[in-house]
Amino acid sequence: MNEQITVTKPDWEQRAIDANFSVSCLAKNAGYSVRHLQRQFRHAFGIAPRELMQGFRLDRAARQLAEGKFVKEAAAEAGYSSSYFSTKFKNYHGRAALDARKRIL
C-alpha cells in the first residue's frame, strides 16, 4: 500500500513551534509508527521531521530576538537550554544568538 501523509506547511509549522510537540506525538496522531512517519515525511519533504521542527523553532527564535527578546527567553520558548540553544542557533543561522539580538539594540 502506498500511503501519503498530507500536512501543509502552515499546519506543521504551527504544531512544530510548540516545544512540547514531538515526532512521536505527530506519529501517534496520524496513526503511524514513528519510523514509518519519518520515512514518509523524508520522502515527501526531503528532510527529517525533527530537522524541520528545529528549523521552525530556530526561525521563530530569530524573529523573537530581532524584536528584542532576551536569548534565555527565546531559548526556553523554543524548548532548549540556553547553552544548547546557542550552539543550535549558531549552526543553523551562522551567527550567535546574542549577535542577532545586538543588531537591533
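The values are calculated or read from the model by the stated rules, or taken from the named source; none is laboratory data. The model shown is predicted, which means the values in this text are computed figures rather than measured ones. Cβ placement follows ideal geometry from the backbone for every residue including glycine, while neighbour counts extend to all protein chains displayed.
Residues that are within 8 Å of the chain's Cα centre (by Cα), basic (Lys, Arg) and either buried (at least 18 other Cβ atoms within 10 Å of the Cβ) or closer than 16 Å to Leu98 by Cα (or both) within segment 48-83 comprise just one, Arg57. Sub-9 Å Cβ pairs linking a first residue in segment 36-49 that is more than 13 Å from Cys25 (Cβ to Cβ) to a second residue that is of a type in the set (Lys, Arg) and surrounded by 14 or more Cβ atoms within 10 Å (Cβ to Cβ), at least 6 apart or interchain, are Ala48/Arg42, ordered by first then second residue. The residues of segment 84-105 that are closer than 22 Å to Phe21 by Cβ and surrounded by fewer than 16 Cβ atoms within 10 Å (Cβ to Cβ), listed by number, are Tyr84, Thr87, Asn91.
Pairs linking a residue in segment 79-94 that is part of a helix (DSSP H, G or I) to a residue that is modelled with pLDDT under 95 and of a type in the set (Ser, Thr, Tyr), with Cβ atoms under 8 Å and 6 or more positions apart or on different chains, are Lys88/Tyr80.
Each residue in segment 9-36 was checked for being modelled with pLDDT under 90, out of contact with any Pro (no Cβ under 6 Å at 6 or more places or on another chain) and part of a helix (DSSP H, G or I), and 16 pass.
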